[in-house]
1. Which of rounded, prolate, oblate describes region 25-145, given a ≥ b ≥ c as roots of the alpha-carbon gyration tensor eigenvalues and a/c under 1.5 marking rounded, otherwise prolate only if a/b is larger than b/c?
2. 7 Å from Cα along Cα→Cβ at both I413 and I125: what's the point-to-point distance in nm?
3. Using label points projected 7 Å from each Cα along Cα→Cβ, tell me how many nm separate L342 and R255, to one decimal.
4. In what sequence, largest accessible area first, do T352, T298 appear using a 1.4 Å probe?
5. May I ask you to give the solvent-accessible area per residue for the chain, in square angstrom, as obtained with a 1.4 angstrom probe?
6. Give the calculated FRET efficiency between A55 and S186 to the nearest 0.05, with a Förster radius of 30 Å applied to their Cβ-Cβ distance.
7. What percentage of the solvent-accessible surface of the chain, computed with a 1.4 Å probe over protein heavy atoms, is contributed by carbon and sulfur atoms?
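The values are calculated or read from the model by the stated rules, or taken from the named source; none is laboratory data. What you see is a predicted model, and the numbers here were worked out from it, not measured in a lab. Here Cβ is always computed from backbone atoms with ideal geometry, including for glycine, and neighbour counts include all displayed protein chains. These area figures cover heavy atoms from the full protein model, side chains too; ligands, DNA and RNA do not enter into them. Shrake-Rupley method; radii C 1.70, N 1.55, O 1.52, S 1.80 Å.
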Amino acid sequence: MLESTATRTVRPGKPKTSMARVAVASSMGSIIEFYDFLIYGTAAALVFPQVFFPALGSAAGTLASFGTFAVAFVSRPLGAILFGHFGDKLGRKKTLVATLLIMGIATISIGLLPDASMIGVAAPIILVLLRFLQGFAVGGEWAGAALMAAEYAPPKRRGLYAAFPQLGPSIAFALASGTFLIINLSLGDKSEAFLTYGWRIPFIASALLVVVGLYIRLKIEETPVFQKTLDDRQANRTGETFTPPRKLPVWESVRNQPRQILLGGASTMMLFAFFYIGTAFLSAYGTNPEGLAHTRPTILSLGIIGALFFAVGTIASAVISDKVGRRAVIVTSCIVAIPWSLMLFPILDIGTTFAFGVGLSGTLLIVAGIYGPVGAFLPELFATQYRYTGAGMAYNLGALVGGGITPLIAASIGASLGSYSIGLLLAGVSIISLLATFGLPETRGVHLDTVAKAKVKSLR
């Protein structure tokens, strides 16, 4: 529980917004943002080496493409800090509207960006800047969406409801794969039309999704838990135990709960490493003409199947976490991930379509084992007045190392040392996440409406 020199448990009134509407709003917004984020990964694997780095050749072009992919993970922690600040000061709803707008503008701009044959070196430079904005936006998205669901949810079913925004990446991956598949089949697997303008369609079409997402999010009320803190700040009551925070949320979270930020980030490293290896790196690995040489439609179709495993596993693990605890489910997934890491590339290298489908779906199913509980686990670690910032920083630190650096290292060592070295890399990341999770407390059943007055002394 959260301990402080003095605490007060606030009792918010009945929410004005139904849980069904909250579930739809948090999941739809997350789906849209991650669709925008993930179509970049698909394009980075399938077309960006030829479109933006044609002079580098296949291997170096792929490495450069994944380098631009990794840029977003550098900006994610920055987005978590900035949007966390406003999310903890102004509210979850307003901040989530801002992240959706920024993501939409950056994604549409990528779709309209001239390629290297037209504007030369300026093309990859602008691409990097737009990818930075994508990461900046998604860095503020996750914590706000997770908090929107978790702070509305009844305590005994918080894992389930907090899993709705967690469906964003799985459904978005299916949508991204499906969109590229339709375009690829319409224009041809290796057609000039696909490389010239076909890949741009998913980026530009996201404008419609952004409009829908904004409409849904504007219909949602602020969460009762956070609204209570706003009321207390405005009233500035004297003689009570509550004192409005005077320092920046980022400073408060780092000063009061640095251990939770660092260990929370380390515990999520494995899920990001597995997810982005599965959704981005394996697309390039599977279609490499010098390697497995599967067709683009084959890889994209298998991506849709893998996404279904991911979605079902996410909900299942979240429900189980409401029964047995968040940490137990995460620890189990990390343990399973270690041998799977060593088996993954030998399975893929069998070379058949079925083997690739098993490898991809198994990888995403393991990710789901962590991703389901994390929606409740990280918010439950932090006090209300800096929960957006603290949870967002932990989550995006894990994303920076696991999702940004790991695929980049994988692309490098895979080319020089062979695919089995990538399995060893994933196993090492899984062990780090396992040890970090052991260092965190079980959070199932904690009260999210506990507002700390002074420094949080411990979280046991």
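1. Numbers: a/c = 2.45, a/b = 2.37, b/c = 1.03.
It is prolate, given that a/c is not under 1.5 and a/b is the larger ratio.
2. Here the modelled spin labels are 3.4 nm apart.
3. Calculated label separation equals 4.7 nm.
4. On the way: T352 65, T298 40 Å².
The residues order as T352, T298, largest area first.
5. Numbers: 16800 Å² over 460 residues.
Heavy-atom SASA per residue in the chain reads 37 Å².
6. Working: r = 29 Å, r/R0 = 0.96.
Rounded to the nearest 0.05, the efficiency is 0.55.
7. Working: 11670 of 16800 Å².
The C+S portion of the solvent-accessible surface of the chain is 69 percent.
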